[in-house]
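Right, one structure below, let's go through it.
Values in this text are rule-based calculations from the coordinates and carry no lab data. Nothing here was measured: the structure is a model prediction, and the numbers come from that model. In this analysis, Cβ positions are derived from the backbone assuming ideal geometry, glycine residues included, and neighbour counts consider all displayed protein chains.
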Amino acid sequence: MITCKEDLKFKYVDGNNEELARAFQNILFSFGVKWSIFNDQQVRFPTGGCSSIVFNGETINLVSNEFANEYYDSIESLSDLKPRTKVEYEKVTDSIFDLKDEFENGNLHYNFGDDEWFTYKDEPSFAIGFKECNVYRKVDRPVEWWKDAAEFVNLNNQLEGKINAVLCANGDHFRVRASMTRDQWCDFARILLEQEGE
C-alpha cells in the first residue's frame, strides 16, 4: 500500500501507458514531489516509445527504458498504485428522498441475514426494504495490514484448535502471541512484507 513517497522510491512506469503514468505522477505530486526538469507539469503522452518515468527518491525523471529496467523496479498496473480494499456494506440512514440516484444506478442493496447481498431492482421492494431498515450501500474500505495479519493468525489457530492467538494494537506497536509452525510464521511474515510494499 502506498502511504508516502518512500513507497515509490526507485520505481518506474512505462511512459507510453498514459493512464498509469498520469496516476504515478499524480500520486507523487500529492506527496510534494516535482519533476527535475518540467517543474510541476505533467509530461504529455505518449513519451515517444523509448522513455520511462522514474522516481529516484527526490524528483521525477524521464529516462530510457533500458536504464529504468536496470536500476528501477517496474509498476505494471494501476492496482499496484492503489491501496487494497475490502468490500463492505454500510447501513443507509439517509432520507428515502435522497436515494433516488443511488437506487436508479443499482447502488442500494439488501440481505436476508447471511453474507449474500442483492441489489434492489424495483420500487416496491425498495420501499419495503427502507421501511424495514434493510437498505445498504456497498463501500470499498482500505485494508489495513494489521487486519490481514490478525485474520491470518486467528484463522490458523482456529484450524488447529488453539485459542491463544492474540494480535494487540496499541498506536504504532503491535504484539503477536500465537502458536504457529515455521511455515505459518513464514506466511505471516510474507503478509506483513506484501502490505508494506517490500
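Here are the numbers:
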read-out	value
Amide proton proximity set for Val92, modelled H, under 5 Å, gap of 5+	Val135, Tyr136, Arg137
Förster radius 35 Å - calculated FRET efficiency between Ser36 and Ser79 (Cβ-Cβ, nearest 0.05)	0.80
Segment Asn65-Cys186, length gained on full extension (0.36 nm per residue, minus Cα span)	40.1 nm
Contour excess over end-to-end distance, with Cα ends at Lys9 and Glu116 and 0.36 nm allotted per residue	34.4 nm
Cross-link pairs beyond the 28 Å C-alpha cut-off, checked among Lys82/Lys121; Lys82/Lys138; Lys86/Lys121; Lys34/Lys82; Lys11/Lys91; Lys11/Lys138	Lys82/Lys121; Lys11/Lys91; Lys11/Lys138
Integer Hz, Karplus 6.51/-1.76/1.60 couplings in order for region 111-119, x for Gly and Pro	9, 10, x, 10, 8, 8, 10, 10, 9
Charge sum, other residues only, whose C-beta stays under 13 Å from Asn56's C-beta, Lys/Arg counted +1 and Asp/Glu -1	+1
